[in-house]
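As structure tokens, the structure follows; a few thoughts come after it.
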Amino acid sequence: MRRMVRREREASPGVGPGPEPKAEGPRHVAIIMDGNGRWAVQRGLPRTAGHRAGVEALRGVVKAAPELGIKVLTCYAFSTENWKRPKDEVDTLMSLLLEYCRLEATTLHKNGVRINAIGRIHELPPAQQREIERAVNLTRGNDRLILNLAVNYGGQAELVDAFRSLAAEVQAGRLDPDRIDAAAVASHLYTAGLPDPDLVIRTAGEMRLSNFLLWQAAYAEIWVTDVYWPDFTREHLEQALREFARRERRFGAV
Ligand code: IPE
Ligand code: IPE
Ligand code: MG
């Protein structure tokens, strides 16, 4: 795959501002959907209104993603640190998660989307766990797009969970510590079996990862836009893909 990128680059010298994304776009795009609160405050609305608007933006992007050749879309919906927010905001976010799984699952299923969830799902309220499970089961045979919802997700929590499960295998005598390599760690992450993200998008301007995909984003291209998540549209996603097409990925080589 890397070789193909290189060949394409050589075929089009100058790396100009080509308007079209290359045929070989990112397979896995991961999005830090940030700025719902600021979007609302800017309009004199409660922060929760921003989260409602954010769900609409998510609908649009999930529809556009497979049309743009994206195979896996990971969306950061709720972090392990977001429990620190006021109770009414956390409650709204949990209700929206429930609503999204309930109301969108059928549409997503019709559109060939497979829903998957990463994070400490077992720590969510039982109703949310049930709806996620139903959506995952309903859509498990689909392969047009994998929509990976990061809910109660934290990169550090994920690594802690992976190390615990590796340690348990060692303790049980099934795993030799000397045989633990990067692939072994990756196979114990919530994302086992998925390709690493090629592109991480963050909306609302902050230049940080906020505990998102710490392991998997090792060589991801990062694109930050000032646009608040509720205002993010298909056109912004296309802009990100064009930007990605101009990047030179080296993976440590020359
Ligand atoms: C992102 O928007 C949604 C979640 C973190 C759940 P924010 O709620 O963080 O919006 P800002 O960053 O306060 O504007
Ligand atoms: C990251 O946004 C988490 C999600 C988008 C779900 P935050 O708003 O929680 O991140 P910080 O607090 O600005 O780093
Ligand atoms: Mg934020």
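The values are calculated or read from the model by the stated rules, or taken from the named source; none is laboratory data. The structure displayed is predicted, hence computed values, not measured ones. No Cβ is skipped: glycine too gets one built from the backbone with ideal geometry, and neighbour counts run over all protein chains shown. For the accessible areas, the whole protein counts, side chains as well, though only heavy atoms, and no ligand, DNA or RNA atoms are used. Shrake-Rupley method; radii C 1.70, N 1.55, O 1.52, S 1.80 Å.
Data for the structure
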{"quantity": "Residue match in the stretch 114-128 (condition: of a type in the set (D, E, K, R), open to solvent by 70 Å² or more (accessible area, probe 1.4 Å) and in contact (Cβ under 8 Å) with a residue 24 or more places away in the chain)", "calculated": "yes"}
{"quantity": "Answer from Ala217, Ala184 - the residue that is touching a residue at least 12 places away in the same chain (Cβ under 8 Å), crowded, with 18+ Cβ neighbours inside 10 Å and in contact with a Leu (Cβ under 8 Å, 6 or more places away or on another chain)", "calculated": "Ala217"}
{"quantity": "Flag if Val55 is in a helix (DSSP H, G or I), more than 14 Å from ligand 3 (Cβ to nearest atom), closer than 19 Å to Asn137 by Cβ and at pLDDT 95 or above", "calculated": "no"}
{"quantity": "Residue that is farthest from the chain's Cα centre (by Cα), among those in the stretch 31-49 that are of a type in the set (Gly, Ala, Ser) and more than 11 Å from ligand 2 (Cβ to nearest atom)", "calculated": "Gly44"}
{"quantity": "Test set (1) more than 16 Å from ligand 1 (Cβ to nearest atom); (2) touching a residue at least 60 places away in the same chain (Cβ under 8 Å) - Asn142 fails condition number", "calculated": "(2)"}
{"quantity": "Index of the failed condition, Leu103 passing every other in (1) more than 16 Å from ligand 3 (Cβ to nearest atom); (2) within 16 Å of Arg52 (Cα to Cα); (3) touching a helix residue (DSSP H, G or I) at 6+ places or on another chain (Cβ under 7 Å); (4) among the hydrophobic types (A, V, I, L, M, F, W, C)", "calculated": "(3)"}
{"quantity": "Those residues of the stretch 60-111 which are open to solvent by less than 20 Å² (accessible area, probe 1.4 Å), of a type in the set (Gly, Ala, Ser) and either part of a helix (DSSP H, G or I) or modelled with pLDDT under 95 (or both), in sequence order", "calculated": "Ala64, Ala65, Ala105"}
